[in-house]
Each structure stands twice: as C-alpha cells, then as structure tokens.
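K.L.:
Questions regarding the structure given below will be posed in turn.
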Amino acid sequence: MARILLFGAGASGARIARQLRSSGVVNELEIRDPNAPRLGELVAALGDGAESGVGRRVTGAPDVVVVASPAGTQVALARRAVHQGIPVVTTSNQTSEVRRLLTLDEEARYRSVPVVVGAGFMPGLTCLLARHGAREFDEIDEIHVAKAGTGGPACARQHHRALSSTGIDWRDGRWTRRAGGSGRELAWFPDPVGGRDCYRAALPDALLLVPHFERVQRVTARQAATRNDRFTAPLPMLRRPHAEGGIGAIRVELRGRVGLERRVSVYGATERPAVATGAMAATAVLHVLAGDLEPGAAGLAGTEDTVSMLRTLATRGVKPVRFEGVSTFV
Amino acid sequence: MPNHREAPVGGGIITLARRALVAIAVAVAFAAGIRVRGSGGIPPQTGGWRELRGDDLR
C-alpha cells in the first residue's frame, strides 16, 4: 500500500484523488489546496484514507507526489520532491513550465526517481498514444496532435492564454516559433466531438515528443477554437470560466514508413478532459509505484511498456480509439 | 458653377489619399473575413473509430 501527496483539489485534482482512492493501491492520500472549502468537501467525499494538509512543502514521506495545481505553480513543488528523492507526476500543459520541468532530468536521474511531465489528456495520453502507435512503424516522420475541450477553470484560462501566445513546432529538424491562432486545420476527432477547426497555440507537446522520436521531421500541436475564441484571445477572459467544460477529445496522427510503404495512423480518445486527466495521472502514479518508469524527467512518450499502461488506463475508464479505413484527410 | 476639374491645388493628393484609405479598408475587411471564416475542410468519407483491442494491445 502507498502514501500519496496530491497538490491541487480542482477539477483535475479531484478526479485524480478519486481514481487513486478507488485503485486499491493507495491507502493514504494527503491533499493540499489553498481553497479550504473546496479541499474540505473533497476530503469529506473521499472518506477514510484521505486527509487535508497545509502548505507547499513536501512532508510526510509520501511514495509519490502528484502535482495538479494550476499551471505556473508546478515546478517549485516538483523540484522540492525531487530534492528529497521522491517520484513526481505533474499535469502541466504550459509550455514554459514543461520546459522547466524537463530541466529536472539531470537531478532526477542522479536521485534515481522518475518525474512524469504532463500526465494529462494532452499532453499525457497524446504522448502515450504516439509512442504506442509508433511501434508499428519502421520510422516516424511526422506527429500531429490536437485537442478539443477544456477541464476546470484553470484549464480554461490556460487554453485562452495559449491561443494568443506563441506556439512551438518541430519542423525539418529544428524548432520553429508559430503565432497562436494561426494555421487553421480541420481535425476530425472521435465521436461525438467530430470535426473541429484547430489552430496553433502555445502547447508543450512538441517539447515532450521530439526527444523520444529519433529522426522525426515534423511535430505540431493544435487546439480547437471557435471564432469567438479567436477574436477574444488577446483580451482577458471576459467572463468566469465554467466549473468544468463538456466532453473533449484528442487526436494523434502519425506519419511514417513501414518497409517501403508510407503509412498514416490516427489515434484518439474522447472524454471530459478533467476526467481523462484524472485517469491518466492516476495510471502514471500506479506505474511509478510499480517501478515501471525509468528515472529522469520526461513525458509519457518515454514509456517503454505502453500496452501495460493503456490497459491500466482502460480499467480507469478511458479507452482510446483508432481510426480505421481509408480517409480523404490522410 | 465650379467644375471638379478646377479643384484647388492639393485636391488631387487628398483624393488619392482617400482612395488609398478606402482600398486599405476594403483589403483589411476582406483579409479579416478570410481569416475568420477560412475555407472548408473535407471530413473523412469512409472508415470509422474503433476501440483499441486485441492486436493493438499486444
């Protein structure tokens, strides 16, 4: 049995907590969040085995620290855990923060602890599906990921900021900066989300994918947005975001070579983003506890045994899908 | 009765500037329309999504 310290009791944090408590592996779960009423409600709902804590220091000798606090607050918490030699699972989807989390790699290797960077819906499940899908290719040339929907308010704010910020793509072996809101492309997500216009944005996926795919030529990330989203992107959010967004989806497109043949594979998943993040982060925690992940700071694209992780994810309620059949967008 | 051909010196420049402004405004409106509306894409015509199973998870 394990003891977990979870930072964040928002939409994603609450889902992670429920997933961990229902896993049968975690018997002690300490949750920290500056919003005392929200924290109290969550701890009360979880019942025995869950307790609330205070502060941003890593105490109580947890087996794993899970950081599901808002983007921009995760690096300091992860660094403290790594200093103490404790494995960390983070859920950040902010480019600058992901970049800083990846710089913990050297210390994480030195202390022999894994630091999972971006264990959410996207990044997270997208990285895992990219790695899984790549098994059937001899060589991967291109990876294109896209997402639709948002989780809780913090996720919605990050989504809003990302659309007006500079994105980063990997193109022909070098990093390329791209204007947020540009590069419209119709992406076809699994049902019931369907077709959505997607645009470049400040998304960290390329940073997490490129190191794990040797000789990949193009890696791009896009997010779905409406006309209103694009018009209001440079402005502050004009109204308070929803407590939780609706159904969302991700899509992972792999292009590469199998023998002499060029091939395209498309994977996806549909779920409420906070629910999927809860399942993905909890799955990552369970595999960290099982000792399946290598020391170092990396995204889930660095996972060797993707099958085992996808099976665990399925038991947590998220079942990825694959597009089959000839399609005109391939 | 004044004739427009007998406009005072400098009138030609103002007209030119006004036409240039109108042209720029039209171009901006057109570009904004394209940027917002974009062109349509082609959704998948065949095939469908299925859950990962069997060989996918070996």
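Readers should treat all values here as calculations from the given coordinates under stated rules, not as data from a laboratory. From a predicted model like this one, the values you see are computed outputs, not experimental measurements. For neighbour counting, all protein chains shown are included, and Cβ atoms are generated from backbone atoms with ideal geometry for every residue, glycine included.
K.L.:
In whole angstrom, how far apart do the alpha carbon centroids of the stretch A:249-263 and the stretch A:143-207 sit?
P.N.:
19 Å
K.L.:
Just to confirm a number: summing +1 for Lys and Arg and -1 for Asp and Glu over residues other than A:ARG263 whose beta-carbon lies under 9 angstrom from that of A:ARG263, what do you get? Could the numbers behind the result be given before it?
P.N.:
Values: positive: A:ARG255, A:ARG257, A:ARG262; negative: A:GLU136, A:GLU261.
Net charge around A:ARG263: +1.
K.L.:
So, one more: Any chance you could run the full-extension gain for A:ARG135 through A:ALA44? It's 0.36 nm times the residue separation minus the Cα-Cα distance, nm to one decimal. It would help to have the intermediate numbers written out before the result.
P.N.:
Details: separation 91, 0.36 × 91 = 32.76 nm, distance 4.36 nm.
Net length gain for the segment: 28.4 nm.
K.L.:
Further question on the same structure: With n ≥ 4 as the cut-off for DSSP H runs, can you work out [θ] at 222 nm for the protein assembly as shown, using -39500 (n - 2.57) per run divided by the number of residues, rounded to the nearest 500? Provide the component values of the computation, followed by the final result.
P.N.:
Working: 12 runs with 133 residues, N = 388.
That comes out to -10500 deg cm²/dmol.
K.L.:
Restricting things to alpha carbons, tell me how big the stretch A:112-188 is in terms of Rg and Dmax, in Å.
P.N.:
14.6, 43
K.L.:
Continuing with this model, one more query. So, counting K/R as plus one and D/E as minus one, what does the shell of residues with Cβ under 13 Å around A:PRO153 add up to?
P.N.:
Numbers: positive: A:ARG38, A:ARG157, A:ARG161, A:ARG239, A:ARG240; negative: A:GLU244.
With Lys, Arg at +1 and Asp, Glu at -1, the neighbours total +4.
K.L.:
Moving on. Only sites in a loop by DSSP and with at most 14 other Cβ atoms within 10 Å count here; which trypsin sites (Lys or Arg not before Pro) in the stretch A:239-301 make the cut?
P.N.:
Working: sites: A:ARG239, A:ARG251, A:ARG255, A:ARG257, A:ARG262, A:ARG263; in loops: A:ARG239.
Passing both the DSSP loop test and the Cβ count: A:ARG239.
K.L.:
Then there's this: With springs only between Cα atoms under 10 Å, which of A:HIS159, A:HIS212, A:HIS83 fluctuates most in a Gaussian network model of chain A?
P.N.:
A:HIS83
K.L.:
Residue by residue through B:50-58, how many Cβ atoms from other chains fall within 10 Å of the Cβ on average?
P.N.:
6
K.L.:
Multiply the residue gap between A:ARG57 and A:VAL25 by 0.36 nm, knock off their C-alpha separation, and tell me the result in nm, one decimal place.
P.N.:
Working: separation 32, 0.36 × 32 = 11.52 nm, distance 2.39 nm.
Separation in residues times 0.36 nm, less the Cα-Cα distance, equals 9.1 nm.
K.L.:
Send over the Kirkwood Rh of the stretch A:45-167, from the inverse of the averaged 1/r over different Cα pairs, rounded to one decimal Å. Walk me through the intermediate numbers first.
P.N.:
Numbers: mean 1/r = 0.0615 Å⁻¹.
Value: 16.3 Å, from the Cα pair sum.
K.L.:
What do you get when you divide the Cα radius of gyration of the stretch A:125-273 by 2.2 N^0.38 Å, with N the number of residues? Could the numbers behind the result be given before it?
P.N.:
Details: Rg = 15.5 Å, N = 149, 2.2 N^0.38 = 14.7 Å.
Working it through for the stretch A:125-273, the quotient is 1.05.
K.L.:
Now, a different point. For chain A, take the longest principal axis of its alpha carbons; what is the angle in degrees between that and the long axis of helix A:11-22, to the nearest 10 within 0 to 90?
P.N.:
Its long axis makes an angle of about 70 degrees.
K.L.:
Still on this model: Roughly how many debye, to the nearest 20, is the charge dipole of the stretch A:125-273 about its Cα centre, given +1 on each Lys and Arg Cβ, -1 on each Asp and Glu Cβ, and no other charges?
P.N.:
Details: 25 positive and 17 negative charges, 123 e Å.
Result for the stretch A:125-273 is approximately 580 debye, rounded to the nearest 20.
K.L.:
Taking the dipole about the Cα centre of the protein assembly as shown, with the C-beta of Lys and Arg at +1 and of Asp and Glu at -1, give me whichever of A:GLY47, A:SER96, A:THR312 is farthest to the positive side.
P.N.:
It is A:SER96.
K.L.:
Picking from A:ALA249, A:THR270, A:LEU203, whose Cα lies most toward the positive end of the charge dipole for chain A (charges on Cβ: Lys, Arg +1; Asp, Glu -1)?
P.N.:
Positive-most Cα among the choices belongs to A:LEU203.
K.L.:
What does the charge count around A:THR277 come to, taking other residues whose C-beta lies under 10 Å from its C-beta (Lys +1, Arg +1, Asp -1, Glu -1)?
P.N.:
Details: positive: A:ARG15, A:ARG272; negative: A:GLU271.
That sum, taken over residues with Cβ under 10 Å, equals +1.
K.L.:
Work out the length of the dipole vector of the protein assembly as shown about its Cα centre, built from +1 on the beta-carbon of each Lys and Arg and -1 on the beta-carbon of each Asp and Glu, and round it to the nearest 20 debye. Please report the intermediate quantities before stating the final value.
P.N.:
Values: 51 positive and 37 negative charges, 293 e Å.
With Lys and Arg at +1 and Asp and Glu at -1, about 1400 debye.
K.L.:
In what order do A:ARG157, A:ARG227 fall by count of nearby beta-carbon atoms within 10 Å, going from fewest to most? Mind dumping the intermediate values first?
P.N.:
Numbers: A:ARG157 17, A:ARG227 12.
Ascending number of Cβ neighbours within 10 Å: A:ARG227, A:ARG157.
K.L.:
Next question, about the same structure. Sort A:LEU186, A:LEU125, A:LEU5 so the one with the fewest other Cβ atoms within 10 Å of its own Cβ comes first. Walk me through the numbers before you get to the answer.
P.N.:
Numbers: A:LEU186 16, A:LEU125 31, A:LEU5 24.
Exposure proxy ranking, most exposed first: A:LEU186, A:LEU5, A:LEU125.
K.L.:
Here is a follow-up. Identify which of A:GLU214, A:GLU51, A:GLU253 has the largest mean-square fluctuation in a Gaussian network model of chain A, with springs joining Cα atoms closer than 10 Å.
P.N.:
Residue with maximal mean-square fluctuation among A:GLU214, A:GLU51, A:GLU253: A:GLU214.
K.L.:
For chain A, compute the orientation-averaged projected area of the C-alpha convex hull (one quarter of its surface), in nm². Intermediate values should be presented prior to the final figure.
P.N.:
Details: hull surface 63.3 nm².
With the hull built on Cα positions only, its mean projection is 15.8 nm².
K.L.:
Within a 10 angstrom radius of the beta carbon, how do A:LYS319, A:LYS147 rank from fewest other beta carbons to most? Mind dumping the intermediate values first?
P.N.:
On the way: A:LYS319 15, A:LYS147 33.
Going from sparsest to densest Cβ surroundings: A:LYS319, A:LYS147.
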